[in-house]
Amino acid sequence: MNAATQTADVAAKPPLLAQLRSRERLPLLIGGAALIALLIAVFLWSRAPDYKVLYSNLSDRDGGAIITSLQQMNVPYKFAEGGGAILVPTEQVHDVRLRLASQGLPKGGLVGFELMDNQKFGISQFAEQVNYQRALEGELARSVESLSAVQAARVHLAIPKPSVFVREQQKPSASVLVTLYPGRVLDDAQVSAIVHMVASSVPELPVKNVTVLDQNGNLLSAQSGNALGLDASQLKYVRELEQSYARRVEAILNPIVGPGNVHAQVTADIDFNQVEQTSENYKPNSGEQAVRSQQNSEASQIGITPPGGVPGALSNQPPGQATAPITQQQPQFAQQTAANPASAASAPQGPRSDRKDATFNYEVDRTIRHVQQATGGLKRLSAAIVVNYRPGTDAKGKAAMVALTQAQLDQIQNLAKEAIGFSGQRGDTLNIVNSPFTVEADPEANLPWWRQRQNIELAKQVGKWALIGLIGIYLWFGVIRPAIRKHLTPPPPAEPTLAGAAGGAAGAEGAEGEGADGEPGKQGELSAYERNLQYARQVARQDPKIVATVVKSWVGGGDERG
């Protein structure tokens, strides 16, 4: 009876679960083996070499040469996703790079001055000049490629032959083609740096003869402010100056009207002209003058007849005898004597000749000025300021935005003038407008909290995670946990097929449960075999006929088998 019951139970259950239940140590052995395998896998994964980029963006020729060298050196390698880079173990990166560099790898698509290392004997001057130009172009292209935004670059130089005639001399020119990385651009400062670098590397190459363009054919070296005579640096200076003045105005007015209630815009007229002036002025003589030189001469002859006649022996005669002086006066002299007797007394008698010459030289004023005005001088400022209404109350006593008073506007105007350095002589202008700011109404401002967008989004997120948690709890407690209990817990004891046997079994279990020792629940601790054996004994005591019938059927079945 006991063997048949066990055979029926085993046949009704899956073989694997039956083995797991019959062998209590087997699950422990399987779990331990799985844990050991997991630890071994983690250890091997931690010991796996970490790969790092050796070279990237290589040409096919350089990539093949590098792979061949790595295979010869027995260095493990692999390609990055997309084949854009070659990876080697981290601890061997520097060693491999040095060993590849000793072999001249990677060579790259450009050649530099290493082209001059293998010059052949007897090379012509033309070939030597061509090699030099190729080397110079390669070196310039390498320098341009060192920029972070440039993926590749090519440089073309047009160097004319030198001429002994000045009129036939030509300046060299250069063209630079850059290939940029996706999403990268070159600003004006970087383009200007490339232009000046190329111009400085080639003798007598002017900056204006250098052209830079990108892979899309866009001309990058064109001066954006050429029509106005301004370059990028000058325009940037004007923009920064205007923003600086606007920030000054807003910084000084924000504490008065509140943050966000004032906006200022400033326009600056900057003089970028370079002026050199030389002047020489002569001022007229006024006031005291400085005498440079003075020259005086006097000549006087009284009563001496000057020599006359024809020169020669005839006129060279001694003077004659003296005669009485002439007392008759001339009519004019007589009239002067009658009018002024004193002058007549002092007047000289006889013939008289006087002569006086005076020459004065004065220093002449002279002013020489040489003026050179610096560029970037401020010629004129124009500022526009808009001030928002201030919070207040209207005529009905309700909260509203009211205009500023004239005194407040005057105060704001004075502060703004001081902030920008207002000068009326320079022609500066300042305009202040007090007007309410137009603010777009928020459609969610008057909505209840449960209808606001951010709260709805938060509720959706919370609901999603709550639903996931509920599903997980249901799967654990409703599906997984019952399944585990169903397949891993021992089966309940077999129920008797007869009612009388059930009653007797219950009585026997009650009697056995209390036991001789008085310990309840002892039957629960018995094994399945012992419970079946007790059940068979109980049935044999209560109804021996059933036992005899079972034994007779066994004996008859044995005879039939025999």
So what is the accessible area of the stretch 33-108 per residue, in Å², with the probe set to 1.4 Å? 70 Å²
Built amide H within the under 5 Å cut-off of residue 52, gap 5+: 88, 90
By average Cβ neighbour count within 10 Å, what is the ranking of 170-176, 536-542 from highest down? 170-176, 536-542
In Hz, Karplus ³J(HN,Hα) per residue of the stretch 389-395 (6.51, -1.76, 1.60; θ = phi - 60°; x = Gly, Pro): 4, 9, x, x, 10, 8, 5
Karplus ³J(HN,Hα) for the stretch 399-415 (6.51 cos²θ - 1.76 cosθ + 1.60, θ = phi - 60°; Hz, whole; x = Gly/Pro) runs 5, 7, 8, 10, 6, 6, 6, 5, 5, 5, 5, 5, 5, 5, 5, 5, 5
Given charges at Cβ of Lys, Arg, Asp, Glu: the stretch 138-228 dipole, positive-most of 163, 218, 190: 163
Considering only protein heavy atoms, what is the solvent-accessible area of residue 35 at a probe of 1.4 Å, reported in Å² to the nearest 10? 100 Å²
What are the residues whose amide H is under 5 Å from the amide H of residue 428, where those residues sit 5 or more places off or on another chain and H is modelled from the backbone? 381, 423
Can you put 368, 385, 67 in order of accessible area, largest first, using a 1.4 Å probe? 368, 67, 385
Which residues qualify? For residue 205, with a placed amide H closer than 5 Å and at least 5 residues away or on another chain, they are none
Label points 7 Å out from Cα along the Cβ direction at residue 149 and residue 294: separation in nm? 7.9 nm
Just to verify a number: FRET efficiency for residue 179 and residue 398, C-beta to C-beta distance, R0 = 56 Å, to 0.05? 0.25
Please give me, ordered by residue number, the trypsin sites (Lys or Arg not before Pro) of the stretch 144-252 that lie in loop per DSSP and have at most 15 other Cβ atoms within 10 Å. 167, 184
Would you calculate the separation in nanometres between label points at residue 189 and residue 476, each defined as 7 Å from the Cα along the Cα-to-beta-carbon direction? 5.8 nm
Per-residue HN-Hα couplings for the stretch 252-258 [Karplus 6.51, -1.76, 1.60; θ = phi - 60°; Hz; x = Gly/Pro]: 7, 9, 4, x, 8, 9, x
Keeping every protein chain in place, order 360, 272 by accessible area at 1.4 Å, biggest value first, i.e. largest first. 360, 272
Where the Cα pairs of the stretch 109-223 fall when distances are cut into 5 Å bins, in %: 2, 11, 20, 20, 18, 13, 9, 5, 2, 0
Only Lys, Arg, Asp and Glu count, each charged at its Cβ (+1, +1, -1, -1), so figure out the dipole size of the stretch 109-223 about its Cα centre, rounded to 20 debye. 260 debye
For a quick check of understanding: with a 1.4 angstrom probe and all protein chains in place, what accessible area in square angstrom does residue 401 have, to the nearest ten? 90 Å²
Pick out, from 44, 65, 86, the residue whose Cα sits farthest towards the positive end of the charge dipole of the stretch 33-108, with +1 on the Cβ of Lys and Arg and -1 on the Cβ of Asp and Glu. 65
Pairs from 52/107; 236/417; 107/171; 379/417 whose Cα-Cα separation, in the structure shown, is over 27 Å: 107/171
Can you give me the solvent accessible area of residue 433 with a 1.4 Å probe, rounded to the nearest 10 Å²? 70 Å²
Whenever you get a sec, compute what percent of the accessible area on the stretch 109-223 sits on carbon and sulfur atoms (1.4 Å probe). 53 percent
Cα gyration tensor of the stretch 33-108, axes a ≥ b ≥ c as square roots of the eigenvalues: rounded (a/c below 1.5), prolate (a/b > b/c) or oblate? prolate
For residue 407 paired with residue 386, estimate the spin-label separation in nm (one decimal), with each label point 7 Å from Cα along the Cα-to-Cβ line. 2.8 nm
Express in nm, to one decimal, how much length is gained between residue 367 and residue 355 on full extension, taking 0.36 nm for each residue of separation and deducting their alpha carbon distance. 0.4 nm
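The values are calculated or read from the model by the stated rules, or taken from the named source; none is laboratory data. These figures come from a predicted structure and were not determined experimentally. All Cβ positions, even for glycine, are placed from backbone atoms using ideal geometry, and neighbour counts span all protein chains on display. Ligands, DNA and RNA are stripped out before the accessible areas are found, and what is left, the full protein with its side chains, is counted by its heavy atoms. Shrake-Rupley method; radii C 1.70, N 1.55, O 1.52, S 1.80 Å.
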